[in-house]
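Nothing in this text is a laboratory measurement; each read-out follows from the coordinates by a stated rule. Keep in mind that this is a model prediction, so the values were computed, not measured. Reconstructed Cβ throughout: ideal geometry from the backbone, glycine too, with neighbour counts over all protein chains shown.
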């Protein structure tokens, strides 16, 4: 197969599947790993794909808000976060789970654990489906509201009214940015409003974010770092050294 033909077919394959590993592509196209890596580098330079440590993701104008796209990004890091966060969940807790892929992976970790008797509040259609299709007999409270394309999160006044009826023990909240300048921030204002409402009705909040979210500021601000309380904890896979130095002056910050 000619180089350009192979690269086109690789791009079409990744576009169809949204992601692929180097080993997978080598097997499908009968090429060596080094050849596939060169092809991926070429496609990445053309801004057609995004390279990962073991393959590639499709690049598109809607990639940032796409659940499937984000699910494959930093997946191992999100699993590390989930294994840390699940330790804070106890039998018979009433917890809330935000939408987003880190929360989704945390949900899988909870469902595979021996934890029992949970009541779970969520605005995520994906997380609701995951729980209902599991063998766990958890009670699920779905906020309802208007689901957003791409993220599958319910937003709007209906969701807010349902949330106001409850007092939550622990809220596990995926965020889009954590920085000195922007505090805890979100890309979407409607999702921020839902997060704020659950936050205000929760005793403890665990902000779950991989290391790429640090130093990032999005347009919708939930809290300044100075506003975080003793019941707020940030759970991450690692903390970049520069960010750790910036955060060191905030004595109220609890980071795991």
* **Relative packing of peptides 101-108, 233-240 - highest average C-beta neighbours within 10 Å first** => 101-108, 233-240
* Based on the Kirkwood radius over alpha-carbon pairs, what is the Stokes-Einstein translational diffusion coefficient of segment 175-256 at 4 °C with 1.567 mPa s viscosity, in µm²/s? -> 102
* Asked: Dividing the convex hull volume of the Cα atoms of segment 105-203 by its residue count, what figure in Å³ per residue is obtained?
  -> 112
* To do: Could you order peptides 171-183, 2-14 by the average number of other Cβ atoms within 10 Å of their residues, highest first?
  => 171-183, 2-14
* What distance in nm separates the simple spin-label points at residue 79 and residue 249, each placed 7 Å from Cα in the Cβ direction? -> 3.9
* To the nearest Å, what is the center-to-center distance of segment 139-206 and segment 1-48, using C-alpha atoms only? -> 38
* To the nearest µm²/s, what D does Stokes-Einstein give for segment 72-247 at 20 °C and 1.002 mPa s, using the Kirkwood radius over alpha carbon pairs as Rh? -> 133
* Pairing the Cα long axis of helix 101-111 with the longest principal axis of the chain, what angle in degrees results, from 0 to 90 and rounded to the nearest 10? -> 70
* How far apart, in nm, are the 7 Å Cα→Cβ label points at residue 256 and residue 34? -> 4.6
* Cα→Cβ-extended label distance, 7 Å offset, between residue 189 and residue 149, nm -> 2.0
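Quick one, what does Rg over Rh come out to for segment 3-59 if you take C-alpha atoms and the Kirkwood Rh?
0.89
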* Structure fact -> Expressed in angstrom and ordered largest first, the alpha-carbon extents of segment 1-150 along the principal axes are 59, 32, 22
